[in-house]
1. Among the residues of region 190-198, is any within 13 Å of ligand 1 (Cβ to nearest atom) and either in the same structural domain as Leu300 (by TED's automatic domain parsing) or of a type in the set (Asp, Glu) (or both)?
2. Only one of these conditions is not met by Val296: (1) without any contact (Cβ under 8 Å) to a residue 24 or more places away in the chain; (2) surrounded by fewer than 19 Cβ atoms within 10 Å (Cβ to Cβ). Which number is it?
3. Got a sec? Which of Val178, Val183, Val202 is touching a helix residue (DSSP H, G or I) at 6+ places or on another chain (Cβ under 7 Å) and not assigned by TED's automatic domain parsing to the domain that holds Gly409?
4. When you look at Tyr192, is it aromatic (Phe, Trp, Tyr), at pLDDT 95 or above and over 21 Å from Asp55 (Cβ atoms), yes or no?
5. Tell me the residue from Leu38, Leu53 that is in contact (Cβ under 8 Å) with a residue 24 or more places away in the chain, surrounded by 24 or more Cβ atoms within 10 Å (Cβ to Cβ), within 19 Å of the chain's Cα centre (by Cα) and away from ligand 2 (no atom under 16 Å from the Cβ), please.
6. Of the conditions (1) within 16 Å of ligand 1 (Cβ to nearest atom); (2) farther than 21 Å from Gln365 by Cβ; (3) of a type outside the set (Phe, Trp, Tyr), Met224 satisfies every one except a single condition; which number is it?
7. Kindly evaluate Thr41 against the criterion of being outside any helix (DSSP H, G or I) and among the β-branched types (Val, Ile, Thr).
8. Right, Ile153: away from ligand 1 (no atom under 16 Å from the Cβ), buried (at least 17 other Cβ atoms within 10 Å of the Cβ) and hydrophobic (A, V, I, L, M, F, W, C) or not?
Amino acid sequence: MSKYDVAVIGSGPGGYVAAIRCAQLGMKTAIIEKYNTLGGTCLNVGCIPSKALLDSSHHYEDAIKHFEDHGIEIPGEVKVNFKKMIERKAAVVDQTTKGIDFLMNKNKIDVFTGIGAFKDATHIEISGDKNETIEAKNTIIATGSKPSSLPFIEIDKERVITSTEALSLTEIPKHMIVIGGGVIGLELGQVYRRLGAEVSVVEYMDRIIPTMDAAQSKELTKVMKKQGVKFYLSHKVSAVERKKNEVTITATDKKDKEVTFTGDYCLVSVGRRPYTDGLKADNAGIKITERGQIEVNEHLQTNISNIYAIGDVVKGAMLAHKAEEEGVFVAETLAGQKPHINYNLIPGVVYTWPEVASVGKTEEQLKDEKVEYKSGQFPMRALGRSRASGDTDGFVKILSDAKTDEVLGVHMVGARVADLISEAVTAMEFRASAEDIARMSHAHPTYAEAVKEAALAATDNRPLHA
Ligand code: FAD
Ligand code: NAD
């Protein structure tokens, strides 16, 4: 029987990063993945394929809507070759997952393909092409998550679909009804809207992306409405029925009036659930919470001292970079180091266009926590860079402590803010004040100038260009 210092179950961004860091720190490491490709949800059916389709559909939208403004004329009709778009997405996924094979090889990590199940706290049985059992001094559970649904919905994977199927459709929907105006619903809703589908988003709460700052919800709603997406907020879905190629969704609005929506596809994007099926966690005595998460302490250690858990299968934001940080954290803990994760500074991004990015406290949270704060906001349209590219929607908003000026939250909507948010994370990690940011030179002309201007506005309301 092969023996390891560490076995990692699951090869998503949590698992494969944990395995690399364990190997870097000199531990004999195995990784177990039930699918034939490594990379988990993120690389196979999440972050990477969704961004590939967002980018492709964005090019198409630019070609049909914006090229003309730039003096570019395309003789004849611009057409979408959807099959090719999906094939390109698959090729991007393929290249990316092969990159993980390379990294496992380079770091001398043994890869096992099959379902990993605990026999006891130090033995894992792998059922795949061949069945074998390995012994591991320590195990890191990184089994991730799967789409969740509503009790009355039958996901048939053809017309009533999750993000997984929405990333591999064979036709552009005529009318896609999206249940849930969160990250997945908006990113994939925007993809299909750009490609010509009618898109209706039915959301339970009174605003989309309800966990982000309310100003971001408002701005993104405005822009996506302009793009033709229809929003039905404060709507409680009560039934989803498929008849042949038609799907009918029934919901009640805030006045308790029943409304129905009929389309050819229904995307169910109401969140994801932690995934532990087949893991046989009981055999090792591992505690699972009522919400299905693996219970961990502040060291990401389960109730069984040599077993840790990370990523989507434990509490916290279901984000790839959060899972990665946790993978490194556990590897370094096992090596006797004292790592640290600042969960308040895990940024959140929605890759619509304009992009939405956030870090730290929202204005609503500061109000709830009765923290006295100052707010500085700067509109993207006031930037020379935005006018040059034509991306004038959005803003940067900086919230800082009323007394100390320390930056407490940064919330952005606009072109490339997914990249801009890193400046805010760095500043906040070093506990910068708004004035610190305001006094740093920002290259001109860039979208980043909006960060400086918002910091000037937060410091003492003295933006230079507004
Ligand atoms: P996962 O990536 O889910 O990986 C878990 C792996 O474990 C899977 O490969 C699974 O097959 C394997 N596994 C499970 N059980 C076993 C077992 N018993 N034996 C062997 N293998 C097992 N996050 C971002 O930060 N940015 C984004 O842009 C983004 N976009 C997304 C878009 C979509 C459409 C979706 C669905 C998600 C997106 N996410 C994004 C979320 C991100 O994908 C997850 O947060 C991330 O993948 C979690 O990583 P993980 O390692 O915890 O688990
Ligand atoms: P989400 O939590 O982002 O959004 C779910 C939405 O569905 C919420 O707005 C919620 O209010 C709504 N909802 C819940 N129940 C409902 C009901 N009965 N009727 C109508 N609306 C309802 O979840 P998601 O969009 O499914 O994404 C799942 C996870 O994947 C998220 O945690 C997210 O972090 C991750 N993800 C991240 C990215 C990214 O980082 N860009 C992209 C995609 C997914």
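The values are calculated or read from the model by the stated rules, or taken from the named source; none is laboratory data. No experiment lies behind these values; they were computed from the predicted model shown. When we count neighbours, we look across all protein chains shown, and the Cβ atoms used for this are built from the backbone with ideal geometry, even at glycine.
1. No, there is no match, as no residue in region 190-198 is within 13 Å of ligand 1 (Cβ to nearest atom) and either in the same structural domain as Leu300 (by TED's automatic domain parsing) or of a type in the set (Asp, Glu) (or both).
2. (2)
3. Details: Val183 fails: touching a helix residue (DSSP H, G or I) at 6+ places or on another chain (Cβ under 7 Å); Val202 fails: touching a helix residue (DSSP H, G or I) at 6+ places or on another chain (Cβ under 7 Å).
Criteria check complete, one pass: Val178.
4. Judged against the criteria, Tyr192 is not a match.
5. Values: Leu53 fails: away from ligand 2 (no atom under 16 Å from the Cβ).
Checking each option against the conditions leaves just Leu38.
6. Checking Met224 against (1) within 16 Å of ligand 1 (Cβ to nearest atom); (2) farther than 21 Å from Gln365 by Cβ; (3) of a type outside the set (Phe, Trp, Tyr), the one that fails is (1).
7. No; evaluated as a whole, the condition is false for this residue.
8. Answer is yes for this residue.
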